[in-house]
1. Please name all residue pairs, on different chains or six or more residues apart, with Cβ atoms under 7 Å, provided the first residue is in the range 270-286 and is farther than 13 Å from Met239 by Cβ and the second residue is in a loop (DSSP other than H, G, I, E, B).
2. Name the pairs whose Cβ atoms lie under 7 Å apart, with the first residue in the range 109-135 and over 21 Å from Leu46 (Cβ atoms), the second at pLDDT 90 or above and among the small types (Gly, Ala, Ser), and 6 or more positions between them or separate chains?
3. Mind checking whether some residue in the range 120-131 is out of contact with any His (no Cβ under 9 Å at 6 or more places or on another chain) and assigned to a helix (DSSP H, G or I)?
4. Pull up the range 92-119, narrow it to residues that are in contact with an Asp or Glu (Cβ under 8 Å, 6 or more places away or on another chain) and in a strand (DSSP E or B), then point me to the one that is surrounded by the fewest Cβ atoms within 10 Å (Cβ to Cβ).
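The values are calculated or read from the model by the stated rules, or taken from the named source; none is laboratory data. Source: prediction; values computed, not measured. Glycine also receives a Cβ, built like all others from the backbone with ideal geometry; neighbour counts cover every protein chain displayed.
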Amino acid sequence: MGRKKKQTIEFRFYEIPQGQSCLALLGEKWIRVYGEAINTLHFHNLFEVGYCRYGKGIVVFDEKTSDYETDMFTTIPPNYPHTTNSKEENFWEYLFFDVELVAEQMYPDNVPKQREAITILNKRADLIHADENPQMAEIIKRIMEEMRDKKPYYKETTQNLIKTLAFLIMRMHKSMDAEAPTLIERESGADIMSIKPAIEYIEENYADEIRALDLANVCNMSETHFRRSFVDIINMAPMDYLNLVRIQKACDTMRKTEHPMEIVAVECGFGNVSTFNRNFKKFLGTSPYQWKKNKENYVGKLLDYNIHALKGW
């Protein structure tokens with residue numbers, strides 16, 4: 001029997017608008033046939049919450065498939081492979097938030113509790129009907145309406161609602177711990193999970209000097225096997241993926257600070273400005289200086305970033 005062909009997977013990078021607590025993808029734009037002409041799983045850098053306003057289809061978590069219908073919602077941790085497929089037009093709306101930032105807001109000045117919250121929130125992906133958890137469904141819809149209407153104090157209201165939602169997700173995961181594994185629990189043998197430690201290591205240590213061997217070691221693989229597995233699964237060399245993450249962090253730093261490029265380069269893991277400039281142009285097609293001057297024109301280039309575009313680099 002031949003070696004099982006590994007499925008290509010996409011990495012989609014989202015940014016939370018400055019001053020906001022979440023990114024909200026709302027409105028008629030998201031009425032569509034989901035999964036049409038797409039046969040790949042994807043994962044995000046942020047925590048995703050999706051609400052099915054109407055429609056039906058299937059949602060795939062890792063290698064598990066479940067049916068969904070109107071008034072069901074999903075909670076999906078960062079770096080968790082998934083996709084949605086439907087035969088007819090469906091209407092989903094989405095929220096994305098930064099788990100680490102929310103944990104800091106939940107437990108200010110209490111790092112152990114922050115880490116505990118992050119672990120519990122990221123424990124599993126879930127597909128839930130609103131009738132099963134009406135309190136959580138109502139909070140999700142309230143956040144979406146706050147982001148849609150943008151009435152006075154909506155930013156403060158949204159921030160508090162997201163913290164409430166996070167606590168409800170934690171409560172749900174705690175209660176599930178005592179139950180039998182759900183249909184959408186992660187399988188230890190799934191391909192993406194074999195390299196997930198490397199993805200998480202990059203996210204936490206991108207500013208440090210990282211070798212492919214370091215990433216292989218955290219995955220308990222030989223370097224040769226790790227490189228081959230990473231490309232098979234992500235469709236991108238591990239060091240290219242590392243540099244993509246560094247460029248994303250650099251964009252965030254440039255948006256929030258006035259640091260000179262030399263400082264940005266070092267803070268984001270590039271040894272010098274020349275290397276920083278070369279990688280920035282590779283991924284965004286412009287220099288950091290031009291991006292800084294015209295960031296409104298380039299902000300969309302890292303949204304929905306599709307690793308397929310990097311094939312062959």
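1. Here the result reads Phe276/Phe270; Asn277/Ser287; Phe280/Ser287; Lys281/Ser287, each pair linking the range 270-286 to a residue that is in a loop (DSSP other than H, G, I, E, B).
2. Close Cβ pairs satisfying both conditions: Ala130/Ala137.
3. Quick first cut of the range 120-131, residues out of contact with any His (no Cβ under 9 Å at 6 or more places or on another chain) only: 122, 127-131.
With assigned to a helix (DSSP H, G or I) added as a condition, the list becomes none.
No, because not a single residue in the range 120-131 is out of contact with any His (no Cβ under 9 Å at 6 or more places or on another chain) and assigned to a helix (DSSP H, G or I).
4. So in the range 92-119, the residues in contact with an Asp or Glu (Cβ under 8 Å, 6 or more places away or on another chain) come out as 94-96, 114, 118.
Adding the requirement that they be in a strand (DSSP E or B) leaves 94-96.
On the way: Tyr94: 19, Leu95: 26, Phe96: 21.
That would be Tyr94.
A quick yes/no check of all residues on (1) surrounded by 13 or more Cβ atoms within 10 Å (Cβ to Cβ); (2) over 26 Å from Lys196 (Cβ atoms); (3) within 20 Å of the chain's Cα centre (by Cα); (4) of a type in the set (S, T, N, Q):
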{"position": "Ala216", "(1), (2), (3), (4)": "yes, no, no, no"}
{"position": "Arg227", "(1), (2), (3), (4)": "yes, no, no, no"}
{"position": "Pro238", "(1), (2), (3), (4)": "yes, no, yes, no"}
{"position": "Val245", "(1), (2), (3), (4)": "yes, no, yes, no"}
{"position": "Cys251", "(1), (2), (3), (4)": "yes, no, yes, no"}
{"position": "Val264", "(1), (2), (3), (4)": "yes, yes, no, no"}
{"position": "Tyr289", "(1), (2), (3), (4)": "no, yes, no, no"}
{"position": "Lys293", "(1), (2), (3), (4)": "no, yes, no, no"}
